[in-house]
Amino acid sequence: MSSKLLKEIAKGTKGAVMKKKIITYFIYNSCATITDLAKEMDLSVPTVTKFVEEMVEEGYVNECGKLETSGGRHPNLYCLNADSAYFIGVDVSAFYVNIALIDFRGEMVMVETGIPFKPVNVPENFEELCVIIKGFINKVPVDKKKILNVNIDMPGRINSELGYSHILYNFNDKPISEEFSKRFNGMRVSVDNDTRGMAYGEYVQSHLKDEKNIIFINVSWGLAMGIIIDGKLYKGKSGFAGEFGHNYGYDNEIMCHCGKKGCIETEVSGVALHRILLEHIRDGESSIISTMKSDLSEVTLDDIIDAVSKEDLLCIELVEDLGRKLGGHIAGLINIFNPDLIVIGGDLSKTGDYLLQPIISTVRKYTLNLMNRDSLIIESKLKEKAGIIGSCMLSRSRLFEV
């Protein structure tokens, strides 16, 4: 089936476009009747019936029951054939890699999380990542010919349309997606930004049907933002939209890893929290972190989050202060974008209300009242799974963007 689908898409014919639209509808709605599809695509029922029957014959759409109605004939429901295609998603974070395989309906088939890995912009590190991903591909319990795409989400500025990464693995003039593909025996590979993947995963899998304009804030080791406008990811002209943490925010003379001074990320991020906490401890303030690690250079962000869960007063105080700072910057985003929803995700969102409540109270203080009332602020529903789910969903959707 996979070769048939890819050939159909490659032709770029009107029929291929219609079939891509039908698949996209199934991606967001699971199943549909012929009438649903005809209404969505503004086509006649006979025309849509023809396309769906072809897709059933080709093997990537199935009948999946009847629609329950109050009376009369029950129309057939159609959905994607789960076993007809598979997709791999790779989520590369600051300290580990998550990899998963999904079927055509978006259900997880196989997942490996927390694989130790620290991305560094050197060829040896790139090869190490390739070995990790190839090891996963070799273990998948499905026909590898049915794997239509491998999507790799990474931190930094990434042009997903052209396949370039401008921070990690930027060694030559070739798209990094092509270099990955060579290592995976010619498999189709796409790349994207990690926070954009998290935002997309949250949107698709958290069933946010009524919210079409969403800002996802990723507060992890760094600080970044994913933007969804009218139900679609907003990437910007070069694919770099969402570099929230690198806006100028503070006259602190602290050098950010981007090479600029005073970025928001220098005060509002996991790396900032880590730096500030160690400064307090070295100044003699009490924290259970001191008993957890004799060598403060070994303290991790997970250690700090764990200390918050154990009600360490210093760590809680610093997380709350970070939340107040972040809330001020989010208030500016709300005044500019007037979104339906702000989602707080990333590693530091694990601190729960210690981070969320100061954000909400500060946002109320600094936003226009009418906008504040209309923009809900919530924690990520997918939590630590947002990245890998989003990468898998992007892996699938990349083939069906119309």
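The values are calculated or read from the model by the stated rules, or taken from the named source; none is laboratory data. Given the structure is predicted, the values throughout are model-derived calculations rather than measurements. Positions of Cβ are backbone-derived with ideal geometry, glycine not excepted, and every protein chain shown enters the neighbour counts. Quick note on the areas: whole protein, heavy atoms, side chains included, nothing else; ligands and nucleic acids left out. Shrake-Rupley method; radii C 1.70, N 1.55, O 1.52, S 1.80 Å.
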*May I ask you to derive the FRET efficiency for Asp353 and Glu298 from their Cβ-Cβ distance with R0 = 30 Å, giving the value to the nearest 0.05?*
0.60
*asked:* Set the bar at 22 Å for Cα to Cα. Now go through Lys237/Lys350; Lys174/Lys237; Lys146/Lys174; Lys19/Lys182; Lys232/Lys385; Lys145/Lys232 and name every pair that lies beyond it.
replied: Lys237/Lys350; Lys146/Lys174; Lys19/Lys182; Lys145/Lys232
*When only the heavy atoms of the protein chains count and the probe is 1.4 Å, how do Lys134, Lys232, Lys174 rank by accessible area, highest first?*
Lys232, Lys174, Lys134
*Quick one: if you stick a label point 7 Å off each Cα along the C-beta vector at Leu313 and Val56, how many nm between them?*
6.9 nm
*Working out 0.36 nm times the residue gap between Lys383 and Ile288, then minus their Cα-Cα distance, what length gain in nm do you get to one decimal?*
31.7 nm
*Run the accessible area of the chain with a 1.4 Å probe and give the carbon-and-sulfur part as a rounded percent.*
50 percent
*Cut-off 19 Å (backbone N to label point 7 Å along Cα→Cβ of Ala16), residues of segment 165-203*: 187-190
*Membrane-span-like helices in the chain: DSSP H runs reaching 30 Å or more (Cα, own axis), mean Kyte hydropathy at least -0.5?*
313-337
*Take Lys182, Lys325, Lys19, Lys39 and sort them by solvent-accessible surface of the protein heavy atoms, 1.4 Å probe, largest at the top.*
Lys39, Lys182, Lys325, Lys19
*Ignoring ligands, DNA and RNA, how do Ser238, Ser220 rank by accessible area with a 1.4 Å probe, largest first?*
Ser238, Ser220
*For the chain, what is the mean residue ellipticity at 222 nm derived from helices alone (per DSSP H run of n ≥ 4: -39500 (n - 2.57); sum divided by total residues; nearest 500 deg cm²/dmol)?*
-13000 deg cm²/dmol
*Counting only heavy atoms of protein chains, what accessible area per residue, in Å², does the chain have with a probe of 1.4 Å?*
47 Å²
*Take every Cα pair under 8 Å in the chain that's 6+ residues apart, average their separations, divide by the length, and report that relative contact order as a whole percent.*
16 percent
_Point-to-point label distance, Ile276-Met108, nm (Cα→Cβ direction, 7 Å offset)_ = 3.3 nm
*Relative contact order of segment 278-361, defined on C-alpha pairs under 8 angstrom at six or more residues apart (%)*: 31 percent
